[in-house]
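Only the coordinates and a few stated rules stand behind these numbers; no lab work does. These numbers were taken from a predicted model, which means no experiment stands behind them. Note: ideal-geometry Cβ built from the backbone for every residue, glycine included; neighbour counts use all protein chains shown.
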Amino acid sequence: MYVPTHFEETRTEVLHEWIRQNPFGALVAQTAQGLEASHVPFEIDATAGVMGTLHCHVARANPIWRDFTSGSQAMVLFQGAHGYVSPSWYPAKQEHGKVVPTWNYVVVHAYGSLRAIEDRDWLRALVSRLTDRNEAGRAEPWKLGDAPEDYVDKMLRAIVGLELQVERLVGKWKLSQNRSAADQRGVVEGLSREADPLAVSLGGMMEPPQAS
């Protein structure tokens with residue numbers, strides 16, 4: 001990924017937190033048939049390995065877990081808020097007109113070696129953690145134990161775990177850092193008026209922190 005210095009985010013704790021907040025990733029792996037991708041939710045274990053370890057599961061019928069090339073590097077892409085930036089939002093448009101459209105976004109790429117895990121207890125623990133995380137805050141959170149045990153066993157036999165030990169993390173925060181402060185304020189105001197909630201969220205990320 002091309003990352004100009006002014007858009008680069010290198011702090012591991014920031015990148016890990018971004019993954020926690022945006023866990024739905026695109027896993028891309030090299031197979032004998034070429035590149036294959038699967039879109040699945042992940043968890044990040046920041047304590048495992050130098051750069052953390054990613055866990056997910058895929059359907060047993062999904063060939064990616066059998067076909068990835070052993071020893072080759074896989075990658076996972078985590079994308080969050082993004083949106084179109086109109087040049088009409090820049091005060092610079094009125095000053096000299098030398099402005100063009102762009103797209104702002106935040107994305108994290110994780111690279112590392114991939115391995116498949118078929119251990120039932122490991123899978124059950126992973127599914128339980130993912131469920132508890134996503135059910136948290138609901139009035140009546142569903143738990144894995146709410147389903148009949150024989151049904152849970154059947155479902156666990158239908159999936160395979162994947163683990164990616166992170167060897168490299170790349171973060172790109174493209175939030176108009178290369179524009180003047182006035183142009184940045186114009187982008188925040190423009191995004192706040194958009195109908196797309198992702199664009200509004202993106203504008204919120206560009207807001208400077210409030211003094212306490």
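Here r is the Cβ-Cβ distance between Glu95 and Ala181 and R0 is 22 Å; the resulting FRET efficiency, rounded to 0.05, is 0.95. Taking the average, over residues, of other Cβ atoms within 10 Å as the packing measure, peptides 188-200, 42-54, 103-115 rank 103-115, 42-54, 188-200 from highest down.
Each peptide among 8-15, 131-138, 169-176 gets the average number of other Cβ atoms lying within 10 Å of its residues, and from highest to lowest they stand as 169-176, 8-15, 131-138.
Spin-label pair Asp132-Thr69: with each label point 7 Å from Cα along the Cα-Cβ axis, the two points sit 3.9 nm from one another.
Over the chain, calculate the relative contact order: mean separation of alpha carbon pairs under 8 Å at least 6 apart, over the residue count, as a percent. Write down the numbers at each step before the final one.
On the way: 370 pairs, mean separation 56.5, N = 212.
Result for the chain is 27 percent.
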